[in-house]
1. Report the local net charge at residue 31: Lys and Arg +1, Asp and Glu -1, summed over other residues whose C-beta lies under 15 Å from its C-beta.
2. Subtract the Cα-Cα distance of residue 71 and residue 56 from 0.36 nm times their separation in residues, and report this length gain in nm to one decimal.
3. Compute the signed sum of charges (Lys and Arg +1, Asp and Glu -1) over the other residues within less than 14 Å, Cβ to Cβ, of residue 11.
4. Leaving ligands, DNA and RNA out of it, work out the accessible area of residue 171 with a 1.4 Å probe and give it in Å² to the nearest 10.
5. Multiplying the sequence separation of residue 11 and residue 103 by 0.36 nm and subtracting their Cα-Cα distance, what value in nm do you get?
6. If you roll a 1.4 angstrom probe over the protein chains with everything in place, what fraction of the accessible area of the chain belongs to carbon and sulfur, to the nearest %?
7. Of 157, 191, 172, which is farthest on the positive side of the dipole of segment 148-193, counting Cα position, with +1 on Lys and Arg Cβ, -1 on Asp and Glu Cβ, and the Cα centre as origin?
8. Could you calculate the contour length gain from residue 149 to residue 33, that is, 0.36 nm times the residue separation minus the distance between their Cα atoms, to one decimal place in nm?
Amino acid sequence: MLGLKFETETSWVEVAENGLEQLLTDHAFAEQKAASNAVSIIINYSEETELVKDMSDIAIEEMEHFRMVHNLMVDRDMVLGKATKNDYALRLQKFFPHTNNRTEALVHRLLVAALIEARSCERFKVFSENMNDDELSKFYKDLMVSEANHYTLFLGYARKYMDREIVDQKWQSLLEFEADMMKSRGTIAKVHG
């Protein structure tokens with residue numbers, strides 16, 4: 001359903017469980033960055049009324065997810081660590097060449113956001129189905145659904161703003177790039193690590 005071209009190995013779950021506090025900190029800040037991205041799209045494309053409405057909903061939902069992850073950490077006597085750079089997202093953002101065309105720049109942002117949500121959804125699925133903690137398993141299963149919805153929303157908007165054939169070509173190229181990148185990951189307790 002997600003169209004990803006590389007599947008996360010279940011061995012990543014052990015890495016994530018062994019570094020749970022680091023994983024949860026990374027996850028919390030990933031949610032905050034997703035909210036910030038939605039707000040940034042609103043600021044830069046404020047004339048796009050439907051997009052603004054949907055990005056407002058996403059920003060609020062992502063901050064709610066941040067709060068949920070943080071509350072989970074507090075309940076487990078964990079402390080939110082410092083945010084670190086998300087090299088996964090940074091590399092994806094550099095995939096498309098810089099363009100001065102506002103519409104094309106928006107499409108690129110939407111495609112990158114769609115892929116980040118798709119990979120998060122896939123990771124949450126792997127985590128929820130292979131971990132030993134029932135509370136976390138349910139937590140990540142519930143979040144997985146939300147990430148899938150965000151993925152389809154971002155991808156749908158990208159296809160709205162540019163010819164679908166062109167968007168799908170860009171999407172496939174990005175998926176292939178990401179799959180190659182993911183082959184060397186899975187060793188760090190981060191959502192996309």
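1. Numbers: positive: 33, 67, 119, 123, 190; negative: 26, 57, 61, 62, 64, 117, 142, 147.
Here the count lands on -3.
2. On the way: separation 15, 0.36 × 15 = 5.40 nm, distance 2.27 nm.
Taking 0.36 nm per residue and subtracting the Cα distance, the gain is 3.1 nm.
3. Values: positive: 123, 183, 185; negative: 7, 9, 14, 17, 129.
Charge balance near residue 11 sits at -2.
4. 10 Å²
5. On the way: separation 92, 0.36 × 92 = 33.12 nm, distance 4.00 nm.
Computed gain between residue 11 and residue 103 is 29.1 nm.
6. Numbers: 5030 of 9850 Å².
Accessible surface attributable to carbon and sulfur in the chain totals 51 percent.
7. Selected residue: 191.
8. Numbers: separation 116, 0.36 × 116 = 41.76 nm, distance 1.74 nm.
Extra length available between residue 149 and residue 33 comes to 40.0 nm.
The values are calculated or read from the model by the stated rules, or taken from the named source; none is laboratory data. Keep in mind it's a predicted model, so treat the numbers as computed, not measured. Glycine gets a Cβ as well: all are built from the backbone with ideal geometry, and neighbour counts include every protein chain shown. When the accessible area is computed, the model is the full protein with side chains, heavy atoms only, and any ligands, DNA or RNA have been set aside. Shrake-Rupley method; radii C 1.70, N 1.55, O 1.52, S 1.80 Å.
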